[in-house]
Protein chains: 2
Amino acid sequence: MTAPLHPRKNPRQARARATVTAILEAAARILVAEGLERLTTNRVAEVAGVSIGTLYQYFPTKEAILAEILRDKRQQLLEDIRAATAEGTGEGFEARLSRLVEAAIAHQLGQPTLARSLEYLDSLLPLEAETQALKAAILERVAGFLARGGVARPDESARDLVAALRGMIDAAGLAGETDRAALFRRAMRLVRGYLDLGEGVSR
Amino acid sequence: MTAPLHPRKNPRQARARATVTAILEAAARILVAEGLERLTTNRVAEVAGVSIGTLYQYFPTKEAILAEILRDKRQQLLEDIRAATAEGTGEGFEARLSRLVEAAIAHQLGQPTLARSLEYLDSLLPLEAETQALKAAILERVAGFLARGGVARPDESARDLVAALRGMIDAAGLAGETDRAALFRRAMRLVRGYLDLGEGVSR
DNA sequence: GGAAAGAATGAGCAATCGCTCAGGTTTCTC
DNA sequence: GAGAAACCTGAGCGATTGCTCATTCTTTCC
């Protein structure tokens with residue numbers, strides 16, 4: 001008889017599923033184009049083409065919308081990282097490292113504003129446990145991969161490398177760089193240098 | 001006879017100068033402790049121990065306060081970078097590079113929340129021209145230093161390195177790391193690797 | 001000592017925000 | 001086709017925000 005503690009309804013009909021998608025996409029579009037502080041629930045609803053009432057039937061708070069976008073992005077990154085570092089593919093450490101860096105670039109170069117907003121968002125609020133867990137899982141996966149490659153202090157190294165790469169890719173994206181191959185080469189130099197791997201294959 | 005386009009008064013008496021300082025310090029304190037979104041003008045005035053009316057005699061908008069804090073921080077960083085890369089000290093490229101990295105750590109490890117907030121702030125608003133110019137001057141100075149060291153594509157390299165270092169130092173700060181020497185060693189590995197300088201002196 | 005300029009006050013305005021709720025429309029189920 | 005369930009609507013509430021302005025207090029200068 002208690003009122004639903006979790007105000008979020010989950011959509012059963014196709015129409016409602018489309019509504020939820022529209023809301024998430026609208027929020028992401030606003031984030032890309034204008035950033036966090038210009039994102040209001042009324043505006044998200046307007047851009048999504050639904051009423052605010054509808055929005056609040058599927059998302060209990062404004063933060064829930066943002067958390068879900070971040071969750072989706074991280075989930076996708078985690079899967080890409082899993083694929084890049086998967087065992088039993090016959091690839092060596094360095095080949096996997098390359099795919100890791102490629103995944104990072106693919107994940108972030110496209111929408112630096114979005115990535116930046118989400119990252120900032122994460123730093124200022126205790127988000128969903130699941131979202132935080134994803135972040136930890138990403139670092140853990142990278143650390144495990146580094147450990148298998150014989151890298152000392154894998155946790156620390158994973159944190160350093162992920163943060164440095166993110167900074168560099170983000171800056172390149174904001175500066176309008178679109179040449180992924182060139183960026184990849186520089187990113188690899190950065191990573192290989194940090195890991196003391198010596199000169200790379202590609203130059 | 002036109003009304004003052006620039007609503008900011010500049011303080012003439014010592015009392016007023018102290019007021020301006022108090023406002024800036026209060027804003028910085030709020031930024032460190034709670035972040036951008038919790039910073040309101042009424043709260044800044046309250047923490048500073050002045051009335052909002054007084055605050056608005058010296059700062060035309062809320063953003064002006066934040067811009068000034070960012071300007072001060074950047075000014076200080078630029079001067080540290082100038083000192084680190086100064087000519088005629090008899091030091092070599094590598095010694096100067098070390099001092100550059102040390103300056104970056106000193107500048108950012110202390111208050112990662114503040115640094116993060118200011119950085120985000122910069123990305124979402126067209127701030128004062130002077131603030132933007134400082135950012136450009138910092139990159140230019142680093143690029144000039146790299147060019148003198150024989151580094152190819154100095155502008156690109158400066159952007160990459162500054163962004164990567166910032167990301168790494170920021171992450172270390174947020175993770176609670178306080179051992180500057182250890183962080184310095186890792187940062188140098190990152191930078192030296194990117195620049196293809198081979199093995200460093202310190203391990 | 002007195003007037004003008006500088007500095008400080010704080011109630012409160014206009015705008016905006018996140019969000020609610022009473023009701024209407026569409027879809028599903030039998 | 002009829003009732004139920006799911007879905008959608010949007011006016012507007014209460015709170016908060018950035019900021020103004022009429023007024024008062026303080027300092028400077030002759």
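The condition of being over 24 Å from residue A:113 (Cα atoms), within 9 Å of DNA strand D (Cβ to nearest atom) and part of a helix (DSSP H, G or I) holds for only one of A:18, A:83, that being A:18. Note on segment B:21-43: among residues that are within 12 Å of DNA strand C (Cβ to nearest atom), of a type in the set (Val, Ile, Thr) and in a helix (DSSP H, G or I), the one that is farthest from the other protein chains (Cβ to nearest Cβ) is B:21. Mind checking whether some residue in segment A:160-174 is open to solvent by less than 70 Å² (accessible area, probe 1.4 Å), in a loop (DSSP other than H, G, I, E, B), of a type in the set (A, V, I, L, M) and within 8 Å of chain B (Cβ to nearest Cβ)? Scanning segment A:160-174 turns up no residue that is open to solvent by less than 70 Å² (accessible area, probe 1.4 Å), in a loop (DSSP other than H, G, I, E, B), of a type in the set (A, V, I, L, M) and within 8 Å of chain B (Cβ to nearest Cβ). The set of residues in segment A:186-200 being open to solvent by less than 60 Å² (accessible area, probe 1.4 Å) and either touching a strand residue (DSSP E or B) at 6+ places or on another chain (Cβ under 7 Å) or on the phi > 0 side of the Ramachandran plot (or both) consists of A:198 alone.
Going by what's in this entry, would residue B:63 be described as within 28 Å of residue B:135 (Cα to Cα), under 22 Å from the mean Cα position of the chain (by Cα) and more than 10 Å from DNA strand D (Cβ to nearest atom)? No. Taking the criterion of being surrounded by fewer than 16 Cβ atoms within 10 Å (Cβ to Cβ) and more than 11 Å from DNA strand D (Cβ to nearest atom), the residues of segment A:33-52 that qualify are A:33, A:34, A:38, A:43. Restricting A:166, A:141, A:180 to those that are among the charged types (D, E, K, R) and more than 24 Å from residue B:153 (Cβ to Cβ) reduces the list to A:141. Regarding residue B:94, is this residue open to solvent by 10 Å² or more (accessible area, probe 1.4 Å) and within 14 Å of chain A (Cβ to nearest Cβ)? Spelling it out, it is not the case that residue B:94 is open to solvent by 10 Å² or more (accessible area, probe 1.4 Å) and within 14 Å of chain A (Cβ to nearest Cβ).
Note on segment A:140-159: residues that are at the interface with chain B (Cβ under 10 Å from one of its Cβ atoms) and without any contact (Cβ under 8 Å) to a residue 24 or more places away in the chain total 4. The numbered conditions (1) more than 8 Å from chain B (Cβ to nearest Cβ); (2) of a type in the set (D, E, K, R); (3) over 23 Å from residue A:111 (Cα atoms) are all true for residue A:135 except (3).
Filtered by the rule that a residue be surrounded by fewer than 17 Cβ atoms within 10 Å (Cβ to Cβ) and in a loop (DSSP other than H, G, I, E, B), segment B:113-129 gives B:125, B:126, B:128. The single residue among A:67, A:104 that is more than 14 Å from chain B (Cβ to nearest Cβ) and assigned to a helix (DSSP H, G or I) turns out to be A:67.
The residues listed here are A:150, A:144, A:88, A:110; of these, the one that is of a type outside the set (D, E, K, R) and open to solvent by less than 40 Å² (accessible area, probe 1.4 Å) is A:144.
The condition of being facing chain B (nearest Cβ under 8 Å) and hydrophobic (A, V, I, L, M, F, W, C) does not hold for residue A:188. The set of residues from segment A:175-185 being free of Cβ contacts under 8 Å to residues at least 12 places away in the same chain and either at the interface with chain B (Cβ under 10 Å from one of its Cβ atoms) or crowded, with 20+ Cβ neighbours inside 10 Å (or both) comprises A:175, A:182.
The values are calculated or read from the model by the stated rules, or taken from the named source; none is laboratory data. The shown structure was predicted, so the numbers you read here are calculated from the model rather than taken from an experiment. For neighbour counting, all protein chains shown are included, and Cβ atoms are generated from backbone atoms with ideal geometry for every residue, glycine included. Just so you know, the surface numbers come from the protein's heavy atoms only, side chains and all, with ligands and any DNA or RNA stripped out. Shrake-Rupley method; radii C 1.70, N 1.55, O 1.52, S 1.80 Å.
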